Amino acid sequence: MAESAGHAAVDVASAMVTAPIAPLDAIIVAPTLITLLFGAVLLMARKRPETQAPLGIAGLLLLTAATAGILARVVTGGPLTMTMGSWLPPFGITFAVDVLGASFALVSSVVALVVGVFASRGLRRVESRYGFYPFLLLMMAGVCNAFLTGDIFNLYVWFEVMLIASFGLIVLGNSKEQLDGAVRYAVLNLLAAAFFLTATGYLYGALGTLNMAEIAIKLREGVPGMPVNTITALYILGFGMKAAAFPVAFWLPASYHTPSPSAGAVFAGLLTKVGAYALLRTLIMLMPSEEALYDTFLTAIAIGTMLLGSLGAMGHSDFRRILGYLVISGIGVILAGLAIGTAEGLAGGIFYAFHSMIVMSALYLASGLIGQLGGSQDLRKLGGLYGASPLLAGLTLTLVFSVSALPPFSGFWAKILVTEAAMVDGRWWLAGIVLGTGLLNALASGRAFTQIFWRGGPSGTPDGAEKSVPGEIPGEDRAVLFGSLAALTLMSLVIGLWPSPLMRLAEAGAAGLLDPTLYIRAVFGGAS
Amino acid sequence: MEGPLALLVGCFFASAIYLMLSDSLIRILLGVTILANAVNLLIFTAGRIVKEVPPIIPEDAMVPPIATANPLPQALILTAIVISFSFFAFLLVLVFRTYQGLGTDKTGKMHMAEEPGDPVPPRGY
């Protein structure tokens, strides 16, 4: 720009994007628009509870269509990018989406859509009156945009959008248990965000840029005197806390069982996965480290997370808390894929994240129906639900198989990928732990299933006797509640029987992380 | 100027961590607030500090003639302040409601979500 100094007329072309944006490419901001617009409208319509569910579901349908459109566009045409205010990257805030971000966004909006449908009948009246749908839409704004943004400070902002909306969701209902859980959840997640922001501050101080593509270029070229280790450690701490990685995972089982089942389902399915996605993005794409130290460190975290999740699931008697620990165990498998760091390992971790989003949300929805029928979440007080609802038993059994990574369900392929990558990489012990914790998960969830469904009644019921269950699901709600649960269960089965499309997406996502040339070229394409 | 500010950031972090280790919710809350300010100050310091030179480019130039203050960290901090203040407001209400509901502000006595002495799950039918 220096050579043009002296001209009175400012040459806008060298500082701004002047080429018009192709109308189809503008789809990258559609999720932002849809979620914020519907969130605002829902907030205005909160005095009319009958409009909440239809409007919310319509918004989530549009969101799903938009993310599907983005994914289709990214798969055929490579990474998609747009820089706000027409400033040339890296000066404007960039939205950039590759296959990884687009597929995470699609899976999360599908899950949110199904949970939104479930919530139309599954919420208590007070919860829908006090704004379940506005919070859900605003949380989806945070979740989807975190997957779509190409600017690391902007990622922080979307993290906070997601957090504040999830705070609203977790206290809906205002019970003592929820307040207690919400305090733990809120303080520890704020702390995680503060660590993330600290790392971003250091990164900006060292590199002078927040644009992910430019960070990736600069760090690959190497910056002398750059405190890469400090920054990486802070990112691992901040995102690890958000993703519920060992040893900073204890807020999750302390809080995720307190909100309503619908809110719990989106929490378990989506929020921790955003942390896992951010870890993948920063550790693999932005700051690829050759140091063995991180390798060992991440592997230890992954093993600790898997073991904590599986052993915790074995040791609890509250069904929803068991599910919370199973979420953590799944995060461990994703981190194992990240620690292996090869294309296969990453693909396995990403595939497992997709699987975990669908299956964990479904299990939380199932726990809601179990609570409605059995009047409790405590394994000691539940029993005999098979007689009350064979359909629920069948769906839950399918999900139990899937979360234990048994064929032919989605978890099976994800674990095969991670195990194979670990073996190829010479880490047979890591493969052993992945499989061993799978066995523990099967034991924990299988035991929960037999106690909830197969025995005649609660603990103390004599063998062979049948007790009637205390609750019931009203006939007019059945179609919606079971339909949405069945939809997620069916997704897991379909992915298990026909894994190649999703596996190709996971592989393309992993390849894009390891070699971000296309991503970088998409962001800076206009500049060169 | 960076040296003293870096020390100050360190003091902020230390007092924030000290306060957050307390079991009283109000102290934890104050700790979270100080931590947010520590991070803001850190970004401000990391953005290079230049005294009394506004980032204004003269009319006949394309780049500023001398080193000026970097406006971007200040924009970042402004965003972070808005976010952390709104979170503080939310947390304050949450903590007050928790105090009203549970009758205590000591985290060690809050056992509604996780009951102490939870017995092991049933082993058989």
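Since every read-out is calculated from the coordinates, none of them should be taken as a lab result. All values reported here derive from a predicted model rather than from experimental measurement. No Cβ is skipped: glycine too gets one built from the backbone with ideal geometry, and neighbour counts run over all protein chains shown.
For the reader, a short list of remarks on this structure follows.
- Annotation: lysines with alpha-carbon distance below 21 angstrom to A:K467 (same-chain offsets under eight excluded): A:K381.
- Neighbouring partner chain Cβ atoms per residue of A:295-303, average, 10 Å criterion: 0
- Counting, for every residue in B:59-66, the Cβ atoms of other protein chains within 10 Å of its Cβ and taking the mean gives 3.
- Only Lys, Arg (+1) and Asp, Glu (-1) charged, at Cβ; chain A dipole about Cα centre in debye: 1360 debye
- Per-residue mean of foreign Cβ neighbours for B:86-94 is 4 (Cβ atoms of other chains, 10 Å radius).
- Over segment A:423-528 - Rg/Rh using Cα atoms and the Kirkwood inverse-distance radius: 1.20
- Phi to ³J(HN,Hα) by Karplus 6.51 cos²θ - 1.76 cosθ + 1.60 over segment A:188-198, Hz, x for Gly, Pro: 6, 6, 5, 4, 4, 5, 5, 5, 4, 5, 4
- Ordered by the count of other Cβ atoms within 10 Å of each Cβ, fewest first, A:V99, B:V63 give B:V63, A:V99.
- Karplus-derived 3J(HN,Hα) values for segment A:347-354, using 6.51 cos²θ - 1.76 cosθ + 1.60 with θ = phi - 60°, are 4, x, x, 5, 4, 5, 4, 4 Hz; glycine and proline are entered as x.
- Rounded, prolate or oblate (a/c below 1.5 giving rounded, otherwise prolate when a/b exceeds b/c) for chain A by Cα gyration tensor: prolate
- Helix-only mean residue ellipticity at 222 nm for chain A, each DSSP H run of n ≥ 4 adding -39500 (n - 2.57), per residue, nearest 500: -23000 deg cm²/dmol
- For segment A:334-387 and segment A:422-452, distance of Cα centres in Å: 14 Å
- Per-residue Cβ neighbour rank within 10 angstrom, fewest leading, B:K51, A:K218, A:K467: B:K51, A:K467, A:K218
- When A:R73, B:R123 are sorted by how many other C-beta atoms sit within 10 angstrom of their C-beta, beginning with the fewest, the order is B:R123, A:R73.
- Burial ranking of peptide ranges A:353-359, B:34-40, A:83-89 (average Cβ count within 10 Å, highest at the top): A:353-359, B:34-40, A:83-89
- Dimensions of chain B from C-alpha coordinates, computed as largest minus smallest value along each principal axis and given longest first, are 84, 34, 27 Å.
- When every Cα-Cα distance of segment A:88-158 is counted in 10 angstrom steps from zero, the calculated P(r) takes the values 19, 40, 25, 13, 3 percent.
- Using alpha carbons only: equivalent-ellipsoid semi-axes of segment A:290-497, gyration tensor based, whole Å: 34, 17, 12
- The alpha carbon radius of gyration of segment A:275-339, expressed as a multiple of 2.2 N^0.38 Å, is 1.26.
- Using the rule -39500 (n - 2.57) for each DSSP H run of four or more residues, divided by the residues of chain B, the 222 nm mean residue ellipticity is -20500 deg cm²/dmol.
- Unsatisfied cross-links (Cα-Cα over 22 Å) in the set A:K176/A:K242; A:K176/B:K109; A:K242/B:K106: A:K176/A:K242; A:K242/B:K106
- Karplus-derived 3J(HN,Hα), 6.51/-1.76/1.60, for each residue of segment A:504-512, Hz, glycine and proline x: 4, 4, 4, 5, 5, x, 5, 4, x
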